[in-house]
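Some notes on the structure that comes next.
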Amino acid sequence: LVLFAVLLAVVIGCIAFLYPKQQLAAFSPMSGGRVLILDAGHGGEDGGAVSLTGVPESGINLSIVQKADQLLGFCGQTPVVLRTSDLSLHDPDADTLREKKASDLHNRVAMVESLENAVLLSVHQNIFTDQKYHGAQVFFAATEGSQELAVHTQEILRTAVDPENSRQAKPIPDTVYLMNHISCPAILVECGFLSNPTEEALLRSDAYQTKLAAAMVGAWLQYTWPN
């Protein structure tokens, strides 16, 4: 199963990386020297959304980010990973859950802003009261280059992971603190709906997490690859 997942990642990554160049004519790739920051949303006491089977999204987010980190390593890239374990990034003096969440977000912003030429990829999971909704969706910050990267990543996710997904990349809501308090290009990927029984089972599986990670990595590599 592990070997299958690795081979699948290579195949999906190649599909994304070799996506027809004419489809990219609408935007200009980012220049070289960019540092990709991988952010696994939530963590620790803040588990985020909870799946139908009681699994918090924080663990799924982390697993996908770890797989993306490994795939980028295979490609000779070393991203910055904000969270490497199921822990919050809050200050030690934060006491209540509310204080810890606020401190965690402030610290993530500070970490992103401390890096030059950064691009943020934040990984999350979606949830809704109606179980029929499914599919990954990419949101973009109001910073230069974010929309183009989001549109490209959305298309690669559709092509390589879920061809029936008709969702479009959209601006990030102003309620998402991290994405609205940084100055670098940034996208947030809602990988799927934990409230949809079929998709929830997929999102908990290593194979599907690897497909998602490989598609995002493939989109990033192609987007930053020189013409």
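The values are calculated or read from the model by the stated rules, or taken from the named source; none is laboratory data. Just so it is clear, the structure is predicted and the values come from calculations on it, not from any experiment. For neighbour counting, all protein chains shown are included, and Cβ atoms are generated from backbone atoms with ideal geometry for every residue, glycine included. Quick note on the areas: whole protein, heavy atoms, side chains included, nothing else; ligands and nucleic acids left out. Shrake-Rupley method; radii C 1.70, N 1.55, O 1.52, S 1.80 Å.
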Descending principal axes extents, the stretch 123-179, alpha-carbon based, whole Å: 31, 27, 16
Residues with amide H under 5 Å from that of Gln125, placed H, sequence gap 5 or more: Cys191
Lysines whose Cα lies under 24 Å from that of Lys211, excluding same-chain neighbours fewer than 8 positions away: Lys21, Lys67, Lys132, Lys170
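Please work out the ratio of the alpha-carbon Rg of the stretch 100-199 to 2.2 N^0.38 Å and round it to two decimals. Let's see the in-between values first.
On the way: Rg = 14.3 Å, N = 100, 2.2 N^0.38 = 12.7 Å.
So the Cα radius of gyration is 1.13 times the expected 2.2 N^0.38 Å.
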Part-to-part distance (alpha-carbon centres) for the stretch 186-227 and the stretch 118-152, which is given in Å: 10 Å
In the stretch 143-227, GluC sites (Glu not before Pro) in a DSSP loop with at most 12 other beta-carbon atoms within 10 Å: Glu144, Glu164
Length-normalised contact order for the stretch 46-137 - Cα pairs under 8 Å, 6+ apart - percent: 27 percent
Thr224 - accessible surface, heavy atoms, 1.4 Å probe, Å² rounded to 10: 30 Å²
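Report, to one decimal in Å, the Kirkwood hydrodynamic radius for the stretch 45-106 based on all distinct Cα pairs.
Details: mean 1/r = 0.0761 Å⁻¹.
Taking the inverse mean of 1/r over all distinct Cα pairs, the stretch 45-106 comes out at 13.1 Å.
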Volume of the Cα convex hull of the stretch 140-207, divided per residue and given in Å³: 107 Å³
The stretch 199-208 - phi-based ³J(HN,Hα) in whole Hz, Karplus 6.51/-1.76/1.60, Gly and Pro as x: 6, 4, 5, 5, 5, 7, 8, 4, 4, 6
Sequence-distant residues sharing a close amide H with Lys170 (under 5 Å, placed H): Val138, Phe139, Phe140
Solvent-free Debye scattering, log10 I(q)/I(0), computed from the Cα coordinates of the stretch 171-227 at q = 0.13, 0.19, 0.22, 0.28 Å⁻¹: -0.50, -0.89, -0.98, -1.05
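Would you work out the relative contact order for the stretch 30-84, in percent, from Cα pairs under 8 angstrom that are 6 or more residues apart? Write down the numbers at each step before the final one.
On the way: 59 pairs, mean separation 23.1, N = 55.
Reported relative contact order: 42 percent.
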The stretch 71-129 - convex hull of alpha carbons, volume per residue in Å³: 137 Å³
